[in-house]
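Contents: one structure, followed by commentary.
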Amino acid sequence: GSFTSVFDDIAGHLCFFAGKAPWIGATVQINCSLSKPITIGQTLICVARIDKRERKKVFISAELIGPDKTKYAKMDGISIDGVKISNRGDEIEKRYWIKDDFSIRDSGYSLP
């Protein structure tokens, strides 16, 4: 289902946050389970966490939860830090994390 794509993105992006720079990491494994049907147009919250790190391996778990706290799906995954996902040699490789009290963001993006 499309919820597995959401979990794949979450695992990859949390790996980026665990690393030194954005866009340097890759999902290598996700195990998903659906506990309740998800309907089209339904709004869900994704709660994700980095559970542990072993060298370059980043172990991640996540849940899709409804506004009433009902759990719809869960995921356990592994991502690898330090994997380049762009071979273009462009600005992506020069990006870095900007952290403040409000957010953590990629230097390639600006907030209004």
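Data table
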| item | result |
| --- | --- |
| Relative contact order [Cα under 8 Å, 6+ residues apart], the chain, whole percent | 29 |
| Spacing of the two label points (7 Å from each Cα toward its C-beta) at Lys56 and Ile104, in nm | 2.0 |
| Spatially proximal lysines relative to Lys71 (Cα-Cα < 21 Å; intrachain offsets below 8 disregarded) | Lys36 |
| Gain upon complete extension [Val28, Val83; 0.36 nm per residue less C-alpha separation] | 18.7 nm |
| Dipole moment magnitude, nearest 20 debye, the chain about Cα centre, only Lys, Arg, Asp, Glu C-beta charged | 300 |
| Gyration tensor over alpha-carbon atoms, the chain, equivalent ellipsoid semi-axes in Å | 27, 17, 13 |
| Order by protection proxy (mean Cβ within 10 Å, highest first), peptides 71-84, 29-42 | 71-84, 29-42 |
| Using alpha-carbon coordinates, inclination of helix 2-18 to the longest axis of the chain, degrees | 40 |
| Those lysines that a straight Cα-Cα span of less than 23 Å connects to Lys84, excepting residues fewer than 8 apart in one chain | Lys20, Lys52, Lys56, Lys57, Lys94, Lys99 |
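Readers should treat all values here as calculations from the given coordinates under stated rules, not as data from a laboratory. Computed from a prediction, not measured in an experiment: that's the story for all the values here. In this analysis, Cβ positions are derived from the backbone assuming ideal geometry, glycine residues included, and neighbour counts consider all displayed protein chains.
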